[in-house]
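What follows is one structure encoded as structure tokens, with my remarks underneath.
The values are calculated or read from the model by the stated rules, or taken from the named source; none is laboratory data. Please read all numbers here as calculations on a predicted model, not as lab measurements. When we count neighbours, we look across all protein chains shown, and the Cβ atoms used for this are built from the backbone with ideal geometry, even at glycine.
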Amino acid sequence: MPLVSVRDVHKSFGKLEVLRGVSMDVKKGEVVCIIGPSGSGKSTLIRCINGLNDIQRGSILVEGQEVNDPKLDKLALRKKVGIVFQQYNLFPHKTALENVMMAPVKVLKEPKREVEARARALIAKVRLSGKEDVYPGHLSGGQQQRVAIARSLAMRPDVMLFDEVTAALDPETVKEVLLTIKELAAEGMTCILVTHEMGFAREVADHVYFTDRGVIVEHGPPEELFTEARDERTRRFLSQIF
Amino acid sequence: MFELIAPIFQRLFEETGWNFIIFYDRYEYDRFVTGISISLQLILWSTLLSLVIGVLGAWVQTARSALLRGIVDGYIQLFRNTPPLIQLLFFYFGLGAFTPQVDMGGYYEPMISAFTWAVLSLGIFGGAFNVEIFRSGIEAVPKATAEAAESLCFSSWQTYAYVTLPLAFRISLPALTNNLVSLAKTTSLAYVISVPEMTYTLNQVWSDNINVPEMMLVLFLFYVVVVSLIAAGLHALEKRLALPGYGR
Ligand SMILES: Nc1ncnc2c1ncn2[C@@H]1O[C@H](COP(=O)(O)OP(=O)(O)OP(=O)(O)O)[C@@H](O)[C@H]1O
Ligand SMILES: [Mg+2]
């Protein structure tokens with residue numbers, strides 16, 4: 001059974017149909033990249049998987065549970081599905097360590113001491129040892145983004161969603177963040193990434209989906225999609241990027 | 001304290017005629033101290049009530065229910081657009097007439113004292129402004145930050161309590177300082193329903209002793225000191241809470 005299973009999902013904002021029948025399966029431990037032009041609905045798709053946006057038709061199963069079931073405990077779902085955004089969205093009034101500790105302590109009510117040990121380990125893992133007590137306002141974009149990743153990981157999710165997490169960073173810091181994600185993937189974390197970093201997608205992804213105007217135009221292993229795309233739209237998009 | 005200052009003011013009175021009787025007469029001194037204490041309690045409790053109302057009201061204003069939002073809107077309009085003096089009179093004489101009297105063993109007392117009515121009325125008055133102040137603070141908190149909390153399993157109340165409100169509070173502090181200072185000043189109106197706070201007390205003192213200018217001076221200085229302390233305290237808080245690496 002796939003960990004995440006998206007079936008014929010339709011999603012509109014008012015009259016605007018943003019997703020028009022999207023399907024994808026993500027197996028445990030897989031790294032999936034979603035690419036496509038701006039406005040094609042990539043962010044919307046990822047937000048639907050986390051239940052931040054609802055859908056009008058179709059189904060999204062995470063570990064066999066329907067995300068759009070009104071009876072579903074949204075909190076239980078979100079514990080399984082971590083998400084990292086383009087703009088990091090750290091809590092500016094909390095230090096890096098507090099940012100990472102907050103949800104497990106306040107929401108999951110886990111013992112503070114235990115969470116702190118885990119949070120420090122996570123901060124070390126994203127190579128930010130020494131920055132524990134620094135506030136987000138005093139961290140660079142790349143550092144903030146890595147704190148955001150650690151913060152999501154502190155909830156021990158089964159799958160991580162990344163929405164263009166390097167798009168707001170300068171090229172130098174992009175590398176640090178991508179390295180962190182790469183390590184995460186190597187450890188077997190299931191990842192769904194929206195990205196414009198084609199080199200990264202090629203290297204890390206098991207499977208790449210190309211979306212355009214709310215549909216998945218084609219998908220396949222990166223070496224296949226990047227070199228012998230069948231669809232004209234995919235080829236055009238890739239030629240613009242490379 | 002009294003023993004220390006009494007001789008000085010006694011002499012001042014004898015030599016110049018300036019009658020600061022509250023500083024050398026034991027009875028008037030005790031009255032004065034009680035007045036200070038009642039005034040400070042009135043400021044404290046009505047401020048706390050106004051803050052609770054502000055926080056809850058602003059939260060309701062983020063809710064989905066149009067009915068709830070409408071009720072809070074109506075409350076804000078009503079209390080911001082009527083004089084606080086009229087509100088006090090309305091609460092004390094209007095609503096007070098309908099509250100039961102309790103047997104205090106022989107004599108009867110209203111269940112809700114004038115002091116309590118003043119706290120309620122002033123708290124509700126100040127709260128109407130606080131709802132607006134917190135609401136605009138909340139609107140200034142980036143939606144994405146609250147969304148990040150939501151995606152980390154925070155319930156909507158937890159998101160409000162741990163993320164939105166702490167940030168909104170910081171944004172709101174300058175406006176809040178203004179309103180709380182204004183509320184502290186407005187507590188002097190409780191004088192009209194005979195709450196023995198500073199204004200009422202000194203009014204009694206000057207009626208008994210015909211020393212209006214002296215007591216007026218004391219009254220002025222009392223509010224200058226109280227307001228300065230509140231403003232200084234809130235400015236210190238503002239500094240302490242300033243977000244590291246953001247703005248100022
Ligand atoms: N909350 C919303 N309300 C209305 N329209 C929205 C909302 N969110 C997204 N949209 C619209 O849905 C479409 C798809 O947006 P989405 O953010 O999913 O695209 P994207 O593929 O992530 O694009 P980008 O690469 O620019 O991030 C866009 O036309 C956008 O304007
Ligand atoms: Mg997007």
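Tally up the residues in region A:36-79 that are within 16 Å of ligand 2 (Cβ to nearest atom) and on the phi < 0 side of the Ramachandran plot, please. Walk me through it before giving the result.
Start the filter on region A:36-79 by keeping residues that are within 16 Å of ligand 2 (Cβ to nearest atom), which leaves A:36-50, A:52-53.
From the residues that got through so far, the ones that are on the phi < 0 side of the Ramachandran plot too are A:37-38, A:40, A:42-50, A:52-53.
Qualifying residue count for the region: 14.
Tell me which residues, restricted to region B:140-158, are under 16 Å from A:Lys74 (Cβ atoms) and within 10 Å of chain A (Cβ to nearest Cβ).
B:Ala146, B:Glu147, B:Ala148, B:Ala149, B:Glu150, B:Ser151, B:Leu152, B:Cys153, B:Phe154, B:Ser155, B:Gln158
Test B:Leu183 against the criterion of being part of a helix (DSSP H, G or I) and buried (at least 20 other Cβ atoms within 10 Å of the Cβ), and give yes or no.
Yes, satisfied.
Taking only region A:164-191 into account, find how many residues are at negative phi and either within 13 Å of ligand 2 (Cβ to nearest atom) or within 14 Å of chain B (Cβ to nearest Cβ) (or both). Quick ask: steps written out before the conclusion?
Residues of region A:164-191 that are at negative phi, as a first pass: A:165-187, A:189-191.
From what is left, the residues that are either within 13 Å of ligand 2 (Cβ to nearest atom) or within 14 Å of chain B (Cβ to nearest Cβ) (or both) are A:165-168.
Summing the residues that are at negative phi and either within 13 Å of ligand 2 (Cβ to nearest atom) or within 14 Å of chain B (Cβ to nearest Cβ) (or both) in region A:164-191 gives 4.
When you go through (1) closer than 29 Å to A:Pro104 by Cα; (2) modelled with pLDDT of 90 or more; (3) more than 25 Å from the chain's Cα centre (by Cα) one by one for B:Ile138, which number turns out not to apply?
B:Ile138 satisfies all of (1) closer than 29 Å to A:Pro104 by Cα; (2) modelled with pLDDT of 90 or more; (3) more than 25 Å from the chain's Cα centre (by Cα) except (3).
If a residue has to be more than 8 Å from chain B (Cβ to nearest Cβ) and within 13 Å of the chain's Cα centre (by Cα) to count, how many in region A:69-80 make the cut?
1
Filter region B:159-171 down to residues that are hydroxyl-bearing (Ser, Thr, Tyr) and either facing chain A (nearest Cβ under 7 Å) or in a loop (DSSP other than H, G, I, E, B) (or both), then give me how many there are.
First pass over region B:159-171, keeping only residues hydroxyl-bearing (Ser, Thr, Tyr): B:159-160, B:162, B:164.
So of that shortlist, the ones also either facing chain A (nearest Cβ under 7 Å) or in a loop (DSSP other than H, G, I, E, B) (or both) come out as B:162.
Residues in region B:159-171 being hydroxyl-bearing (Ser, Thr, Tyr) and either facing chain A (nearest Cβ under 7 Å) or in a loop (DSSP other than H, G, I, E, B) (or both): 1 in total.
What helices (runs of 4 or more DSSP H) completely inside region B:1-90 contain at least 1 residues that are among the basic types (Lys, Arg)?
Qualifying helices (runs of 4 or more DSSP H): B:2-16, B:26-61, B:66-80.
Residue pairs, Cβ under 8 Å, 6 or more apart or interchain, first in region A:49-68 and away from every other protein chain (no Cβ under 14 Å) and closer than 16 Å to A:Gly21 by Cα, second part of a helix (DSSP H, G or I) and at pLDDT 90 or above. List them.
A:Ile55/A:Cys48; A:Ile60/A:Cys48; A:Ile60/A:Ile49
Can you find a residue in region A:156-165 that is in a strand (DSSP E or B) and charged (D, E, K, R)?
Step one: of region A:156-165, the residues in a strand (DSSP E or B) are A:159-163.
From the residues that got through so far, the ones that are charged (D, E, K, R) too are A:163.
Yes, because at least one residue in region A:156-165 is in a strand (DSSP E or B) and charged (D, E, K, R).
Consider B:Ala231 carefully, then state whether it is in contact (Cβ under 8 Å) with a residue 24 or more places away in the chain, surrounded by fewer than 18 Cβ atoms within 10 Å (Cβ to Cβ) and assigned to a helix (DSSP H, G or I).
yes
In region A:141-158, how many are hydrophobic (A, V, I, L, M, F, W, C) and more than 10 Å from every other protein chain (Cβ to nearest Cβ)?
Counting residues in region A:141-158 that are hydrophobic (A, V, I, L, M, F, W, C) and more than 10 Å from every other protein chain (Cβ to nearest Cβ) gives 4.
Only one of (1) closer than 18 Å to A:Leu52 by Cβ; (2) aliphatic (A, V, I, L, M); (3) within 12 Å of another protein chain (Cβ to nearest Cβ); (4) away from ligand 2 (no atom under 16 Å from the Cβ) fails for A:Leu161. Which number is that?
(4)
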